[in-house]
1. Taking the chain as a Gaussian network, where each spring joins two C-alpha atoms under 10 Å apart, which residue of Ala169, Ala188, Ala200 fluctuates the most?
2. Kindly provide log₁₀ I(q)/I(0) values, in the same order as q = 0.16, 0.17 Å⁻¹, from the Debye equation applied to equal alpha-carbon scatterers of the chain.
3. Count charges around His106 for me, please; just the other residues with Cβ under 14 Å from its Cβ, Lys/Arg as +1, Asp/Glu as -1.
4. May I ask you to list, by number, the DSSP H helices of the chain whose Cα span along the axis is at least 24 Å and whose average Kyte-Doolittle hydropathy reaches -0.5 or more?
5. Can you give me the % of accessible surface on the chain that is carbon or sulfur? Probe 1.4 Å, all protein chains present, nothing else counted.
6. Before I look further, what does the stretch 43-87 give for accessible area per residue, probe 1.4 Å, in whole square angstrom?
7. Please find, in a Gaussian network model of the chain (springs between Cα atoms separated by less than 10 Å), the residue of Ala201, Ala118, Ala79 whose mean-square fluctuation is greatest.
8. Taking a 1.4 Å probe, which of Asp51, Asp195 shows the most accessible area, and what order do the others take after it?
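The values are calculated or read from the model by the stated rules, or taken from the named source; none is laboratory data. No experiment lies behind these values; they were computed from the predicted model shown. Note that each Cβ is placed from the backbone with ideal geometry, even for glycine, and that neighbours are counted across all protein chains shown. When the accessible area is computed, the model is the full protein with side chains, heavy atoms only, and any ligands, DNA or RNA have been set aside. Shrake-Rupley method; radii C 1.70, N 1.55, O 1.52, S 1.80 Å.
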Amino acid sequence: MSSPLAPPTPGPRSARRLLSPGLLFALPFLVLFAVFMLWPLGQGLWMSLTDTSLSAHSPDFIGLDNFSEAVRDAEMWRALGHTLWFTALSTVPLVAVALGMALLVHTGLPGQWVWRLAFFAPYLLPVGVVGLLWIWLYQPDLGLYNHLLDGLGLGQVAWLSDPSVAMSAIALTTLWWTVGFNFLLYLAALQSVPDHLYEAAAIDGAGAWRRLWSITLPQLSRITAVITVLQILASLKVFDQVYLLTKGGPDNSTRPVVEYVYDVGFTGYRLGYASAISYIFFALVVLASAAQYAALRRREK
């Protein structure tokens, strides 16, 4: 027997009455999500099972042939290797440099708004502007960097035409362009560290380095993990700056897997095969994300 103080249990009709406003408010999002996410995903998956081509009028169903061809495609694995190499080159500096910049601003440098603007402003630039600017900086004869190297008595560097240097040059461009976002995340996290921790450490005689290693960095461990995950995912999807700076060259030595999908689909006209490569890459990214999420959950326990 129910207690007289217990709230009445809503019946089916009242439950539907409560549910309908929620569905009404969510309906615009659900429609847009279905049109711009679910339908393209389903369409791309279907294309990956066909021989769809920009030059053909009627695609035929070929099953998993595109996937089996992609697994044997040496160029796809080479492009995936370039993507992983770029991710390794860019992720560590983008985390470490952003942390250093946030620590400098947080310590109370004079004219903080100038430093914040200078650190974050490049992130607001369109990728086309960034690409054009850094192409001029990397010019062999007129570029700033080779001019500085000449002044130091060092030899010039073919920044974008030397296969051993080009990927590092792209990573440097990416660092200058996108580090401001990570800088803001770190700065917000630093401002949330309780002041009483630093006051107690100062009373105990802890110096600046000890406070950094024993208080600041442990307090930033969670945001560091989040930034690292976000940066890895962003680096795996690199395309714009590579295409603008080198177009995947020289000799395809900087071509990432996303650009390879573009080349196969819109230069080679093989949309079905490009879709299959996209889904293989999507599966690898999902696996990497799941592994990172599991590591974060294990670390929090």
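1. Among Ala169, Ala188, Ala200, the largest GNM mean-square fluctuation belongs to Ala200.
2. Once normalised to I(0) and log-transformed, intensities are -1.30, -1.36.
3. Numbers: positive: Arg116, Arg211; negative: Asp195.
Overall, the nearby charge balance is +1.
4. Values: long enough: 12-33 (29 Å, 1.02); 74-106 (48 Å, 1.19); 166-191 (38 Å, 1.33); 271-300 (43 Å, 0.85).
Counting only whole DSSP H runs, the qualifying helices are 12-33, 74-106, 166-191, 271-300.
5. C and S atoms contribute 70 percent here.
6. Values: 2670 Å² over 45 residues.
Averaged over the residues of the stretch 43-87, the accessible area is 59 Å².
7. Per the Cα network of the chain with a 10 Å cutoff, Ala201 tops the list.
8. Details: Asp51 70, Asp195 105 Å².
From most accessible down to least: Asp195, Asp51.
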